[in-house]
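Rule-based calculations on the coordinates, nothing more; no lab input. For clarity, every value in this text was computed on a predicted model and none was experimentally measured. As a convention, Cβ positions derive from the backbone with ideal geometry for all residues, glycine included, and neighbour counts pool all protein chains shown.
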Amino acid sequence: MGTLCVIGGGPAGSTFAARMAQLGHDVVLVERATFPRRQFGESLSPGVLPLLSMTGVRAAVEAAGFRRVRTVRVLWDGDERVRDDPSEQGLIVGRGEFDRLLLKHALALGVRILQPATVRAYWYDGGRWRVEAGTPGGNVLVEADFLADARGRAGAGRTRRWTGVRTLALYAYWCGAALPEEPRIEAGGEAWYWGIPLPDGTYNTLAFVDARRFRAAGEGTLTARLCELLGRSELMSGCRDAKMIGSPAAIDATAYIDDACASAAGFKVGDAALALDPLSSSGVQKAIQGALSAAVVANTLLRRPERAEAALQFRCSGLNEASQRHRRWAAGYYGKVAERGGGPFWQSRAADARPEPPPPAPQTLTTHALASVGVALSRQVEFVDLPCIEGDFVVVKQAVRHPGLDSSLAYLGDREVAPLLQRLPAGLTPLQIARLWSDRMPFESAITIAGWMLDRGLFVSHCGGPREGKR
């Protein structure tokens, strides 16, 4: 068991702390603000709820009565359309209450919470962290074996590397009797817009603009400039009685990754380590998912220090792959508007869009061919070592690398791939291969996996023809 200090009580910090407590560690969390507090990022993607099940807080979140998202109006690269989700897995939440529920759950799991508390200083000394926190009752010194920085964008250091074009999010909250009742996403001339009707009856409008151009223009108040931008969109159409609540705000919304976000003594989680383009609408989901993964890495570092190299490799490669994957996705989505005549705003953000390489031509066989055409393992298949999560620890597994795969693959579902392919005789038919594997899994699963490998080019036709034989 180790002692951990977590700085920041947002979704990433609370989730990381809760999971580490579940794994038997002593955890202290330091949070500056008093909850609930208004926080940007109220739209939660459908993948959030299953992740919340892993720490046991899903029931509390579902019981809070947050709004389920059935439809989203999208005006992007053509006519307006309605994106429909019959399962209603997406949520619109009041972030103040959502974050409070996650922190309350961490407390129930045994996390010691200092709130409100300001970190005055922290340092690493003699193999231990010392964190000095100022609380209403005086200064508190926390000693810990491991430090997790979950302060969001404030936690990103000088090693932060921008992975997207510099972007500002301008936003304001509105009240009124005729506000929109559905979320809305819209592409404009030199900006894109997002409107979110919140559970408390207010409406959040956001305009995402090029940071350098916006600052260079520098004319007018922020209120006037945001209202001008919104006037070019449909976000506020029909809202004659709308009144802005308080003042608008502007925050940096540029995607980045911190290249020095992990060490054996601590690391960054959530937006402190990785911030995605807001177009993905999955920032909170990625923060929670990353915190759960980070907890396994930290648990390995504390309880299996001999696996430190593999654990840190898993952490860093996972963040880099997520960054690259989301960057390509966002560039492709910006590219849809750029292709229809979008200006510099769209062209610059579509610059990373690259056509995906065509998938290997499917080699789907008829039922007769599955039993009569011999196959062999492609010469392009390589076996490599890959750090993976197994239970509550990072372990090294043999994995398969092939041009037909997006990345090295250790598992298909809960089946290890490499042991299935190593020393596999050439010339067997897919049906014979499935029978060979059927002592490890149901035959239906075996034939499905064999077909999947055939479609992705891991299996190729064997020039020697089918090889008859018994299991």
How long is the gain from residue 371 to residue 158 if the chain were fully straight, where each residue apart is worth 0.36 nm and the alpha carbon distance is subtracted? 70.7 nm
Could you give P(r) for the chain, binned at 20 Å from zero, as whole percent values over all Cα-Cα pairs? 21, 47, 28, 4, 0
Treating only the Cβ of Lys, Arg, Asp and Glu as charged (+1, +1, -1, -1), what charge dipole size does segment 167-252 show about its Cα centre? Round to the nearest 20 debye. 260 debye
Taking R0 as 45 Å, what's the FRET efficiency between residue 181 and residue 321 from their Cβ-Cβ distance, rounded to 0.05? 0.75
Square roots of five times the Cα gyration tensor eigenvalues for segment 28-133, Å: 36, 17, 13
Just the projected area, averaged over all directions, of the convex hull on the alpha carbon atoms of segment 24-78: how many nm²? 6.7 nm²
Note to self, the chain gives a 222 nm [θ] from helices alone (DSSP H runs n ≥ 4, -39500 (n - 2.57) apiece, / all residues, nearest 500) of -9000 deg cm²/dmol
Compute the acute angle (0 to 90°) between the alpha-carbon long axis of helix 222-231 and the principal axis of greatest extent of the alpha-carbon atoms of the chain; round to the nearest 10°. 60 degrees
Segment 104-137 to segment 331-346: how many Å between their Cα centroids? 45 Å
Approximate spin-label separation residue 212-residue 190, in nm, with each point projected 7 Å along Cα-to-Cβ: 1.3 nm
What's the Kirkwood radius of segment 161-211 in Å, using all Cα pairs? 12.1 Å
Segment 222-262: which trypsin sites (Lys or Arg not before Pro) are DSSP loop and have at most 14 other beta-carbon atoms within 10 angstrom? 232, 240
Let me know the charge dipole size of segment 49-100 about its Cα centre in debye, to the nearest 20, where only the beta-carbon of Lys, Arg (+1) and Asp, Glu (-1) is charged. 180 debye
Going out from 0 in 5 Å bins, what whole percent of all Cα-Cα distances in segment 367-461 drops into each bin? 3, 13, 24, 25, 19, 10, 4, 2, 0
Segment 38-73 and segment 180-218: distance between their alpha carbon centers, rounded to Å: 21 Å
Dividing the convex hull volume of the Cα atoms of segment 257-332 by its residue count, what figure in Å³ per residue is obtained? 67 Å³
For segment 167-252, take the convex hull of the Cα atoms, compute a quarter of its surface area, and give me that in nm², please. 5.3 nm²
